[in-house]
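Heads up, the thing below is written out as structure tokens.
The values are calculated or read from the model by the stated rules, or taken from the named source; none is laboratory data. Everything quoted here is computed from the prediction, not taken from an experiment. Heads up, the Cβs are rebuilt from the backbone with ideal geometry, glycines too, and the neighbour counts pull from every protein chain shown.
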Amino acid sequence: MSSGYRFISLFLENPETTAAAISGSVTESLAHPRKLKLVLPYLMKALIVGFLLAKFVNPAIAEKLKLSQKETLAISFITGFAGLKIINIGEKAIDKELERRIYIAKNALQSITTDSSKTGDDS
């Protein structure tokens, strides 16, 4: 038994499920490479997502569907992969909405500035 496995087992009741979910998240992050400077934050996000899925979501799925240990590991890997994908889609949607709102705010600010400078010239 490796020391990493023993360390993880201190925090979790089922370290195999956690490892499967984290490896699913990391696999997704490696399958869709990013810019080099974004790799470390992305891998950290993958670790966090995998851990949270293994801790909260996967046990509920396994219990509800009455899955065996091997089936639970497979579901953990799949949810880890899909969970990170869903987070990426959400981030893109949030970025797009923020860009839209910033664009609207800039245009409103420019029109206010333009209007006030016109009235300042007439005085």
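Summary table below
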read-out	value
Count of the range 33-55 residues which are of a type outside the set (A, V, I, L, M, F, W, C) and in contact (Cβ under 8 Å) with a residue 12 or more places away in the chain	4
Close pairs from the range 81-94: first aromatic (Phe, Trp, Tyr), partner assigned to a helix (DSSP H, G or I), Cβ under 8 Å, at least 6 apart	PHE81/GLY24; PHE81/SER25; PHE81/THR27; PHE81/GLU28
Residue identified as more than 30 Å from SER29 (Cβ to Cβ) and at pLDDT 90 or above among LYS96, LYS118, LYS92, LYS66	LYS66
Scope the range 47-67; condition surrounded by fewer than 16 Cβ atoms within 10 Å (Cβ to Cβ), part of a helix (DSSP H, G or I) and basic (Lys, Arg); matching residues	LYS64
Subset of the range 27-46 [of a type in the set (A, V, I, L, M) and either at pLDDT below 80 or loosely packed, with under 11 Cβ neighbours inside 10 Å (or both)]	LEU30, ALA31, LEU36, LEU38, VAL39, LEU40, LEU43, ALA46
Answer residue from the range 68-96, given it is loosely packed, with under 11 Cβ neighbours inside 10 Å and basic (Lys, Arg) and is nearest to ILE22 (Cα to Cα) among those	LYS70
